[in-house]
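Every read-out reported here was derived from the displayed coordinates using simple, explicitly stated rules and does not represent laboratory data. Keep in mind that what you see is a predicted model, and the values were worked out from it rather than measured. Counting neighbours? That spans all protein chains shown, and the Cβs are built from the backbone with ideal geometry, glycine included.
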């Protein structure tokens, strides 16, 4: 069957539009993603889900914590999310110590699959490059013993999240002994979006807390915290190849080795979810793309028209 020149033109145009739309919808892809898509109640320690970690599993670096998967997962606006979430059920004093309850859960990134142009000696941190990240966090309760005193991510020589202490009641950053705080209370569930610009020597860090995803522009939207030469001269030279989830409390008292602490209402202490690293903001803030969806729809309409207009 021969197609008319008009039909061929419509089909070609439709295919091109659909292709453009499909390409736009898959361009954003994180280097690392952990959505904690595990069985409800399953311990996170030893799990190997997510992407960007290869065969490397979550491992305990400190503490005898009970960090388990639970459903449903955390959400934020139109952000694409999957799986469940990680929640801190129990804190235990480590064996052989009588210190305060704390935990660190670590996972090594499979940098062998990362663009070498982003790496220096096998780690993120190459001068002249940037890395973006995002995570959703919630520190529940109103204070010890019903909430943690600190919670967040540790990347190289940088910490972000709830920095702990009576003076640090907002989400923020901790760099070289200095804490920088946003205006958003740690009592608020938060999407933390950050960018690290790797320089010669001290690196720059930018943190956005609960940005409006409908208007967020990585070039023009002002960060809630900017750690640069203008705001903090004493900054670390950050490099990393692992992600550490960390938290704990100073205020549940000193007990014997292996003592267990739980919230008075038996609810989890804290939640963390949707950990992403990427080369661009789009990599770590995947949201439905109306433009590409509209192009695909338009392509479909043209195909329908060509089929029924003959």
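Summary of computed values
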| item | result |
| --- | --- |
| Ranking of 159, 115, 241 by count of other Cβ atoms within 10 Å, fewest first | 115, 241, 159 |
| Ranking of 171, 208 by count of other Cβ atoms within 10 Å, fewest first | 208, 171 |
